[in-house]
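Structure first, commentary second.
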Amino acid sequence: MSNFNVQQILRENIKKLKPYEAVEIPCKIKLDANESPFPVKISQIVDDINIPLNRYPDPEAIELRKQIAKKLKLKYKNILIGNGSDEIIYYLILTFGGPVLYPVPTFAMYGIIAQSVGVNTIESGLDINFDLNENDFLSLIKEKKPSLIFLSSPNNPTGNTFSSDKILKIIDIARKTSSIVVVDEAYQPFCSEKGFLPFLKDFDNLLILRTFSKIGLAGLRIGYLIGNEEILKEVSKVKLPYNVDSLTQFIAAKALNSFYDEIKTFIRDIKREREYLQRELSKIRGIKVFPSEANFILFQVKDSKNIYEKLIKEGILIRNLSSTIKGALRVTVGTKEENKTFIETIRKILENRK
Ligand code: PMP
């Protein structure tokens, strides 16, 4: 046996890093990862995949970017494709460094990636309505001059959108400190508001992040960044040349054409089922439900860990967020049957508790 000790060569920031929790607990009903519950087969999107696998994929993913640009009525040079939006967050932090500012609680990867790359993070607590704390946020921008600001709106895990007036003020002030604001619109398709695409023409320090993951195609791993071509060009410098494989590029581009009506139906069904879940959860004594503009619902309950574990025993996996928000659990909107089973099961668990 050698005396090799990995700890001796580990960077300090990685020693302290708490990795993203993507636990796979096998359960009949999986409502933990904000995925779409509707199964999709490749054959529903393409009937013939004629891809030369001996060749590398298009490093610039031009066809897919063109298809996305057509949908958004933008130029393809205003789109950058990533292997999921996670990868784009990584590229952004790698390109611009820190400090990175974001509200808390929010999507954990902003902090995890910043720490992996070794840049400083600044956190600003949300107010009691889970909205941005405007004064605190604006003074942090002026004082710390962050390179990047991440705003997930609708926010994961709270489910609400941030006030658009506050976001606009932030973008405006951030422009003066040369900070880039990334509005992460992973959950925008489920939201009643329009999102920030219309503001791209007004602010050259605004970027928008979107993903295929929440609208039915999480397995493809496609995220995209939208915005100022000059910024995107700099980010492309750190992009691995073949970050998205040929099959994925092909299927994702096709999905925007031949599968788009189905995607719209998924979104409509999820929004309808979200209302059902919200209504039924609020009827259960002992549960506090928060409003949601996303494909998941956050709720609070006493003894959340115990309830989370009992649900697993009944074959239902949701997300335990108690370490982030006291007593909080997050359930992803599932199919009609899954949601019904979830409601019946959690009701039974809570009733038996008394
Ligand atoms: N942003 C937010 C706010 C998210 O919640 C998630 C996924 N949980 C992502 C980005 C990452 O999505 P992707 O699958 O595109 O990497």
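How would you classify region 38-84 from its alpha-carbon gyration tensor, with a ≥ b ≥ c the square roots of the eigenvalues: rounded for a/c under 1.5, else prolate if a/b is greater than b/c, otherwise oblate? The shape class here is oblate. Model label sites at S282 and A108, defined 7 Å from Cα along the beta-carbon direction, differ in position by 3.0 nm. Extension gain for the segment T324 to K194, taken as residue separation times 0.36 nm less the Cα-Cα distance, is 43.9 nm to one decimal.
Comparing the chain with the 2.2 N^0.38 Å rule of thumb, its C-alpha radius of gyration ratio is 1.02 (two decimals).
The charge dipole of the chain, taken about the Cα centre with unit charges on the Cβ atoms of Lys, Arg (+1) and Asp, Glu (-1), comes to about 540 debye, rounded to the nearest 20.
Explain nothing, just the number: relative contact order of region 60-153, from Cα pairs under 8 Å at least 6 residues apart, as a whole percent.
That works out to 27 percent.
Taking 26 Å as the limit for the C-alpha separation, the pairs K16/K176; K194/K264; K145/K201; K71/K233; K30/K305 exceed it in the case of K16/K176.
Taking the charge dipole of the chain about its Cα centre, with +1 at Lys and Arg Cβ atoms and -1 at Asp and Glu Cβ atoms, the residue from L101, N54, S322 reaching farthest to the positive side is S322.
Distance between the modelled labels on E60 and Y20, one decimal in nanometres: 2.9 nm (7 Å Cα→Cβ projection). Model label sites at K144 and K176, defined 7 Å from Cα along the beta-carbon direction, differ in position by 1.9 nm. Overall, region 53-258 carries a charge dipole of about 740 debye about its Cα centre when +1 sits on the Cβ of Lys and Arg and -1 on the Cβ of Asp and Glu, all other atoms neutral.
FRET efficiency for the pair I51 and D261, taken as 1/(1 + (r/R0)^6) with r the Cβ-Cβ distance and R0 = 22 Å, rounds to 0.35. When each of the peptides 302-312, 256-266 is scored by the mean number of other C-beta atoms lying within 10 Å of its residues, the order from highest to lowest reads 302-312, 256-266.
Sorted by mean Cβ packing within 10 Å, highest first, what order do the peptides 166-172, 178-184 take?
So the peptides 166-172, 178-184, ranked by packing, come out 178-184, 166-172.
Any chance you could check the Cα centroid distance between region 326-345 and region 121-177 for me, in angstrom? Here the answer is 30 Å between Cα centres.
For region 88-154, the square roots a ≥ b ≥ c of the C-alpha gyration tensor eigenvalues yield an a/c of 1.5 or more together with a/b not exceeding b/c, which makes the shape oblate.
Each value in this text was obtained by applying a stated rule to the coordinates, not by laboratory testing. Given the structure is predicted, the values throughout are model-derived calculations rather than measurements. Quick reminder, even Gly has a Cβ in these numbers, built from the backbone with ideal geometry, and neighbours come from all protein chains shown.
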